[in-house]
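Reviewing the structure listed below.
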Amino acid sequence: MQLRYNFRLYPTAGQRESLARAFGCARTVFNDGLRLRHEAREQGLPYVSDGDLSKRLITEAKKTPERAWLGEVSAVLLQQALADLNTAYRNFFASATGRRKGPQMAPPRFRSRKDSRQSIRFTKNAKFKVTPAGRLRLPKIGDVPVRWSRRLPSQPSSVTVTKDTAGRYFASFVVQTSDEPLPEVSSEVGVDLGLTHFLVTSDGRKVDNPRFLRRAERRLRKAQQSLARKEKGSQNRKKAVVKVARAHAKVADARRDHAHKLSTQLIRDNQAVYVENLSVSGLARTRLAKSVHDAGWSQFTTMLAYKATLHGRTFARIDRWFPSSRRCSACGVIAGRMPLDVREWTCGCGVTHDRDHNAAKNILAAGRAERRNACGDQAGPDSGPAPVVEAGTHSTLPASAALQGRIPPVRREGCQDAGHALEDRDGRS
Ligand SMILES: [Zn+2]
């Protein structure tokens, strides 16, 4: 499996200058390509091919006075910028014609100097390498100091260098790793991702967002409020923008660390992990809450997916075709309306449920049933109560499919790393 390994870089002042130039050149070539295709389209000309684009915007452009400075950076990173553009176009076309699943992709957009993330990519033929002294040698940039937090398992096939809004530099190596199957265990677990807790498992474990994350989030909120009060264009505003960016970065780091720890534990301790399909359950949640939590949830489930693949475990997202908080996991009856502040309830069958724990149990039951069906067996009477469909809501929609034993959409995300999924434009996911 291909994974990304990320490390912090500490470029010198001179290297930062070279990097800024490289970011700028990559951005220019990307935007030139986008503009050329836009213009061709407006004039009713055919789509400019990838090869044509490369010839006109790199090889020939370097010979013109306006673009001569492209020669100051490695040609590979310019080619990679165009490769990004081509992938963005392909994804957009595939999405528009329905060949690509998932949310609709937007057409590629112009990149700006003010974008939150500047990046360049070097492939093997760019002759980047890790020097014996442990620095990252980048063509026309130099030997950049790296903080190595772990060993690279193999020779990387590419490296992406980024600068975030907080002014930090990172190297993200793509490496091939071999699978490391873990010894089989018998336990399986359903996971409810929630608002009151980060997650609750079907075996009754509740995990909150850790205190350091909540503290970082509080600091971010304060920084954002302070920024909102600053006058536009003022020096103080500029400083406040940097503060917000740093606070953002802290929150993102804390969230990722937490997600890594949890996902590793869940995959290690269970043979199968089932999580609700968030795009479905999201309908039931408020917009605000969803926007806050969505990023964290998808990062977490992405980690579960790749770690499951890596370690020979099963991971599946379960479509919720029933209201899993209101369905009694003991008898299958669906309770009446249940506002979010109801944390505990008692079913007519006499069982008292913790709201989230009950939901997690339902997710586990659904995951097991789907897995059995996927294996070709009929779900026997011991598979728990049949899914009961509540009439009159959108949840009735996939019901018939569910009762026919439809296989849940198991999305395998093969190529992720430690935190950052390989982006689509890398063309590998
Ligand atoms: Zn009951």
*If the cut-off is 16 Å between C-alpha atoms, which lysines fall inside it for Lys361, apart from same-chain ones fewer than 8 positions away?*
Lys206
*For region 352-369, take each phi angle, set θ = phi - 60°, evaluate the Karplus expression 6.51 cos²θ - 1.76 cosθ + 1.60, and give the result in whole Hz per residue in order, putting x for glycine and proline.*
9, 10, 7, 3, 6, 4, 4, 4, 5, 5, 5, 5, 4, 4, 5, x, 4, 4
_Loop only by DSSP, 11 or fewer other Cβ within 10 Å of the Cβ. Give me the trypsin sites (Lys or Arg not before Pro) in region 80-135 that pass, ordered by residue number._
Arg99, Lys101, Arg109, Arg113, Lys114
*Search the structure for amide H atoms under 5 Å from the amide H of Gly194, placed 1.01 Å from N in the peptide plane, and list their residues when 5 or more places away or on another chain.*
Leu199, Val200
*How high is the relative contact order of region 2-176, in percent, with contacts defined as C-alpha pairs under 8 Å that are six or more residues apart?*
33 percent
*DSSP loop GluC sites (Glu not before Pro) in region 179-278 with at most 12 other Cβ atoms within 10 Å of their Cβ, which ones?*
Glu184, Glu231
*Between Arg168 and Ala20, what FRET efficiency comes out of the Förster formula 1/(1 + (r/R0)^6) with R0 = 22 Å and r the beta carbon distance, rounded to 0.05?*
0.95
*Specify which residue in the list Gln80, Val174, Ser95 is farthest towards the positive end of the charge dipole of region 2-176, using unit charges on the beta carbon of Lys, Arg (+1) and Asp, Glu (-1), about the Cα centre.*
Val174
*What list of ³J(HN,Hα) values in whole Hz, one per residue of region 340-348 in order, does the Karplus curve 6.51 cos²θ - 1.76 cosθ + 1.60 (θ = phi - 60°) give from phi, with Gly and Pro shown as x?*
4, 7, 7, 9, 9, 8, 10, 7, x
_Compute, for region 147-220, the length of the dipole vector about the Cα centre, with Cβ point charges of +1 (Lys, Arg) and -1 (Asp, Glu) only. Units Debye, rounded to 20._
820 debye
*Kindly state, to the nearest 0.05, the FRET efficiency for Thr12 paired with Arg205, given R0 = 41 Å and r defined as their beta-carbon distance.*
0.30
*Packing-based exposure ordering (other Cβ within 10 Å, fewest first) of Ile334, Ile267*: Ile334, Ile267
*Restricting region 34-74 to GluC sites (Glu not before Pro) in coil, as DSSP defines it, with at most 14 other Cβ within 10 Å*: Glu66
*Just rank Tyr10, Tyr5, fewest to most, by other beta-carbon atoms within 10 angstrom.*
Tyr10, Tyr5
*Extension gain Phe92-Arg237, at 0.36 nm per residue separation less the Cα-Cα distance, in nm?*
48.6 nm
_Can you work out the Karplus-derived ³J(HN,Hα) for every residue in region 118-123? Use 6.51 cos²θ - 1.76 cosθ + 1.60 with θ = phi - 60°, whole Hz, and x for glycine or proline._
9, 8, 9, 10, 10, 9
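Just so you know, all these numbers are worked out from the coordinates, no wet-lab data involved. Quick caveat, the model's predicted, so the values are computed rather than measured. Neighbour counts are summed over all protein chains in view; Cβ atoms, including those assigned to glycine, are modelled from backbone coordinates with ideal geometry.
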